[in-house]
Number of protein chains: 2
Amino acid sequence: MDISKILDHIHQLPELSKLALQNNVSEIAFAKGHILLKANKIESNIYFIKKGLVRAYVEKDNEVTFWFGKEGETVISMKSYVEDQPGYETIELLEDCELYELKTENLRKLFNDDVHIANWGRKFAEKELIKTEERLISKQFKNASERYLELMKDHPELLQRVQLGHIASYLGITQVSLSRIRAEIK
Amino acid sequence: MDISKILDHIHQLPELSKLALQNNVSEIAFAKGHILLKANKIESNIYFIKKGLVRAYVEKDNEVTFWFGKEGETVISMKSYVEDQPGYETIELLEDCELYELKTENLRKLFNDDVHIANWGRKFAEKELIKTEERLISKQFKNASERYLELMKDHPELLQRVQLGHIASYLGITQVSLSRIRAEIK
DNA sequence: TTGATTTTTTATCATTTGTTAAATTTTTTC
DNA sequence: GAAAAAATTTAACAAATGATAAAAAATCAA
């Protein structure tokens, strides 16, 4: 998905504002397994995924995957971006990726100068917020197998592209539990 | 908490922009038990809490509380605000409340006209996003009793002001489980 | 205050999910 | 294509949480 389409998909932008954003973006590619953003570090770039798949995880006793990003989605260390503080998430590439890179610093300047870009940034955060809130609520009143069925319905392609250990972690259960659930469904 | 302080606390605003916002705000009070926003309805106002306490819940088989709002916080039907679509949450007052009311429609105009207000709205969504994401992650790798201890630590006053059934629901467990957890801790 | 109502706790048993280990299947590498 | 490594499933048992009902405590209302 090319950068113009990605930006517009977040929120429609006037041509001039979109060009201002695009002028600050550069293309870059990394191989599967590469760590794009690191936990406990103030990150200074955000990325838009042109091609490929990534996951965000938090390091606890084990790794807890809490987000998958694919074509068209935005990779960001929220704490760095919002509060200039070290983030909690590590972003790992699950496939070879082509990315658009944008320096947070430049984006901040654009936010201050261009009301359209400021509203674009607002829309981005608002949409992410709704997605996160819906997941929180789903976690709160669905059991593991309902959440698995929901994921299958909403993002069937993920099951083809991501190994089940990561899916289990994303659903908040162990891999063994997920296997059990899959066996019961058949 | 007065409106000027509430607005600045979300994100510092230049005096003129703050006045523009304040001019669109009116004061209103409701009694405990009042339903401020309704699920499955496009809501046209947002509220800032001057005094009091509210909860947001989703109606499933039972009511699932997923948010508490107190002095200084913003009451909003996210889906209405962001997508102009009926929201999933109902907001109920848990105490008599004094509120500041703001029409979404007027806020949208301000977003388009004033870059400072647009960035203020961006910051609002970003901060809410971080809070929601942290709760999602906490839900994903903490068990019920850890989440209860975390809530006691971060928001001890909630336990004084909210009945335990709502707290249990917020933590994603039954009231009976919460009682058991409380008994084990003592 | 007292009786009624609501909230919270306790108890018992059922269900779901976790843990560990081993078996099986799939993928990778040479 | 065979051996090695990684991912997934299965099994057995443990721990956490849910469901239901009843008891106890706290709050409310006359």
Normalised by the number of residues in region B:31-163, what is the relative contact order in percent for Cα pairs under 8 Å and 6+ residues apart? 27 percent
How far apart, in nanometres, would the label points at B:Glu71 and B:Asp8 be if each is projected 7 angstrom from Cα along the Cα-to-Cβ direction? 1.6 nm
Springs between alpha-carbon pairs under 10 angstrom, Gaussian network model over chain A: which of A:Ile28, A:Ile117, A:Ile167 fluctuates most? A:Ile28
Taking 7 Å along the Cα-to-C-beta vector as the label spot, tell me the B:Ile42-B:Glu15 distance in nanometres, rounded to one decimal. 3.9 nm
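Loop by DSSP (not H, G, I, E, B), at most 16 other beta-carbon atoms within 10 Å: where is the longest site-free stretch of chain B for GluC sites (Glu not before Pro)? Kindly include the intermediate steps, with their values, before the conclusion.
Working: sites that count: B:Glu71, B:Glu95.
With GluC sites (Glu not before Pro) excluded where exposed in loops, chain B gives B:96-186 as its longest stretch.
Indicate the gyration tensor shape class of the protein assembly as shown (rounded, prolate or oblate), computed on the Cα atoms with a ≥ b ≥ c the square roots of the eigenvalues: a/c under 1.5 is rounded; otherwise a/b larger than b/c is prolate and the rest oblate. Please report the intermediate quantities before stating the final value.
Working: a/c = 1.82, a/b = 1.04, b/c = 1.76.
It comes out oblate by the Cα gyration axes.
Set the Förster distance to 30 Å, then compute FRET efficiency between A:Glu59 and A:Glu98 from the Cβ-Cβ distance, nearest 0.05. Don't skip to the answer; put the middle values down first.
Numbers: r = 27 Å, r/R0 = 0.89.
Computed FRET efficiency for A:Glu59 and A:Glu98: 0.65.
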Calculated label separations, B:Glu27, copies of the chain, 7 Å along the beta-carbon direction, nm: 5.9
Treating the angle as unsigned and between 0 and 90°, give the value, to the nearest 10°, between the Cα long axis of helix A:115-141 and the longest Cα principal axis of chain A. 10 degrees
Rounding to the nearest 10 and keeping the result within 0 to 90°, find how far the Cα-based axis of helix B:144-154 lies from the longest principal axis of chain B. 50 degrees
Pairs A:Lys70/B:Lys103; A:Lys18/B:Lys70; A:Lys79/B:Lys5: which are spaced more than 27 Å apart, C-alpha to C-alpha? A:Lys70/B:Lys103; A:Lys18/B:Lys70
Based solely on its DSSP helices, what 222 nm [θ] is calculated for chain A when runs of n ≥ 4 H residues each add -39,500 (n - 2.57) and the sum is averaged over all residues, nearest 500 deg cm²/dmol? -15500 deg cm²/dmol
Contact order normalised by length for region A:52-127, with contacts defined as Cα pairs under 8 Å and 6 or more residues apart; what percent is it? 29 percent
Please check: in the Gaussian network model of chain A (C-alpha springs, under 10 Å), which one of A:Thr132, A:Thr104, A:Thr90 has the largest mean-square fluctuation. A:Thr132
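Expressed as a fraction of 2.2 N^0.38 Å, the rule-of-thumb size for a compact globular protein of N residues, what is the C-alpha radius of gyration of chain A?
Numbers: Rg = 17.4 Å, N = 186, 2.2 N^0.38 = 16.0 Å.
Normalised by 2.2 N^0.38 Å, the Cα Rg of chain A equals 1.08.
Coordinate-derived values only; no laboratory data. Just so you know, these numbers come straight off a predicted model, no measurement behind them. Cβ coordinates were reconstructed from backbone atoms using ideal geometry, including for glycine residues, and neighbour counts include every protein chain displayed.
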